[in-house]
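The values are calculated or read from the model by the stated rules, or taken from the named source; none is laboratory data. The structure presented is a predicted model; accordingly, all values stated were derived computationally and were not measured. Note that each Cβ is placed from the backbone with ideal geometry, even for glycine, and that neighbours are counted across all protein chains shown. With ligands, DNA and RNA removed, areas are computed over all heavy atoms of the protein, side chains included. Shrake-Rupley method; radii C 1.70, N 1.55, O 1.52, S 1.80 Å.
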Amino acid sequence: MTSVVEPVGGAPVDGSDPAAAGPGGAAPALLAGLPRQRGAGAAPAPVGAPARRPWRGLRPWRLLPTPTGTPFTFCYALLLVATSLYADHGDPTVVATLLQGSSTDVTHLAQAPLLVLVASALWIAGGVTSGFALAFLFVVTALERRIGGVRTAVVFFGGHALATVATEMPVGFSVAAGSLPDSSLHRLDYGISFGVMTCIGALAGLLPAWARWPLVAAAGYQAVAGLLDSLDPMTDWGHLLAFVLGVAAWPLLRHWRAQRSGPAPLLGDLGHPALRASRTP
């Protein structure tokens with residue numbers, strides 16, 4: 001079907017006829033409100049306008065925590081840096097006492113479970129240069145940007161607590177059955193690795209497929225390789241369990257992310273917050 005427009009002079013003009021372009025070769029008039037009419041080409045870019053660069057949307061600094069964008073990760077990272085510096089440069093006797101008091105061994109979990117579960121997550125086993133410290137910086141930051149600070153804290157400390165209790169309970173039962181000595185009730189156990197592994201598993205579910213499965217494969221390989229080395233079986237089982245807990249939380253995490261971003265506004269939904277500004281004159 002061809003649109004015919006009657007110009008001011010009264011003679012009809014067919015948009016398909018070059019001879020009917022009007023005096024001076026001007027383009028025919030266009031019907032308002034009809035998309036993609038003939039002669040409606042894209043407006044040329046202004047002379048001297050800068051070319052659009054695809055890398056201008058990249059913001060590498062968002063990989064690191066900030067006090068306003070990711071307050072939970074930022075404040076927690078500062079606290080971990082402080083405790084790590086004190087562990088390296090403080091009085092060795094005081095440091096040893098603090099670490100022993102923060103240990104989530106069977107004895108402490110039976111006496112003050114909430115206290116030691118929180119205190120044990122204030123230290124980094126291996127210091128700020130360890131692999132789990134670096135993973136904390138990038139993984140927890142990325143997770144908080146997607147689901148918010150409070151929910152990220154729930155994921156981190158939930159995985160930390162569940163994996164710790166699940167790995168210490170068999171130790172208590174084994175000591176009661178006589179399979180392990182009583183000294184196993186007082187083993188030194190602290191650090192953020194269980195929480196970090198939970199966040200790695202959780203973050204993988206919020207990434208696109210091209211990034212999700214390599215992350216799952218790398219983290220799973222790390223956990224299984226630790227078990228095969230058998231250097232610290234209880235901790236290695238805890239790492240694998242914490243990672244599985246993060247993966248198991250994918251449906252809940254995706255629901256949280258959808259709540260945080262909100263649904264896209266529909267056409268005519270003027271009550272939507274994103275469209276209220278357009279109603280104001």
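Within segment 189-227, which residues are under 21 Å from Val171 (Cβ atoms) and either aliphatic (A, V, I, L, M) or not in a loop (DSSP other than H, G, I, E, B) (or both)?
If the condition is that a residue be under 21 Å from Val171 (Cβ atoms) and either aliphatic (A, V, I, L, M) or not in a loop (DSSP other than H, G, I, E, B) (or both), then Ile192, Ser193, Phe194, Gly195, Met197, Thr198, Ala223, Gly226, Leu227 are the ones that fit.
Per-residue answers, yes or no, for (1) at pLDDT below 95; (2) at positive phi; (3) of a type outside the set (Asp, Glu); (4) open to solvent by less than 60 Å² (accessible area, probe 1.4 Å):
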position: Leu109; (1), (2), (3), (4): yes, no, yes, yes
position: Ala112; (1), (2), (3), (4): yes, no, yes, yes
position: Phe136; (1), (2), (3), (4): no, no, yes, yes
position: Arg151; (1), (2), (3), (4): no, no, yes, no
position: Thr164; (1), (2), (3), (4): no, no, yes, yes
position: Pro170; (1), (2), (3), (4): yes, no, yes, no
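Mind listing whichever residues of segment 223-255 are of a type outside the set (Asp, Glu), more than 22 Å from Arg146 (Cβ to Cβ) and open to solvent by 80 Å² or more (accessible area, probe 1.4 Å)?
Answer for segment 223-255, where residues must be of a type outside the set (Asp, Glu), more than 22 Å from Arg146 (Cβ to Cβ) and open to solvent by 80 Å² or more (accessible area, probe 1.4 Å): Leu228, Leu231, Trp237.
So, of the residues in segment 120-134 that are under 23 Å from Val106 (Cα atoms) and open to solvent by 50 Å² or more (accessible area, probe 1.4 Å), which turns out to be nearest to the chain's Cα centre (by Cα)?
Checked segment 120-134; the qualifying residue nearest to the chain's Cα centre (by Cα) is Leu122.
Go through Ala209, Ala219, Ala202 for me and flag whichever is among the small types (Gly, Ala, Ser) and surrounded by fewer than 16 Cβ atoms within 10 Å (Cβ to Cβ).
Checking each option against the conditions leaves just Ala209.
Quickly run through segment 119-134 and pick out the residues that are assigned to a helix (DSSP H, G or I), farther than 26 Å from Leu206 by Cβ and at pLDDT below 95.
None; the set is empty.
Output yes when any residue across segment 73-89 is of a type in the set (Val, Ile, Thr) and modelled with pLDDT under 95, and no when none is.
Within segment 73-89, not a single residue is of a type in the set (Val, Ile, Thr) and modelled with pLDDT under 95.
Could you please find all residues in segment 126-141 being hydroxyl-bearing (Ser, Thr, Tyr) and within 16 Å of Pro67 (Cα to Cα)?
Thr141
Does Ala242 satisfy being free of Cβ contacts under 8 Å to residues at least 60 places away in the same chain and part of a helix (DSSP H, G or I)?
Against the criterion (free of Cβ contacts under 8 Å to residues at least 60 places away in the same chain and part of a helix (DSSP H, G or I)), Ala242 does not qualify.
Output yes when any residue across segment 180-188 is assigned to a helix (DSSP H, G or I), in contact with a Phe, Trp or Tyr (Cβ under 8 Å, 6 or more places away or on another chain) and crowded, with 16+ Cβ neighbours inside 10 Å, and no when none is.
The answer is no; no qualifying residue exists.
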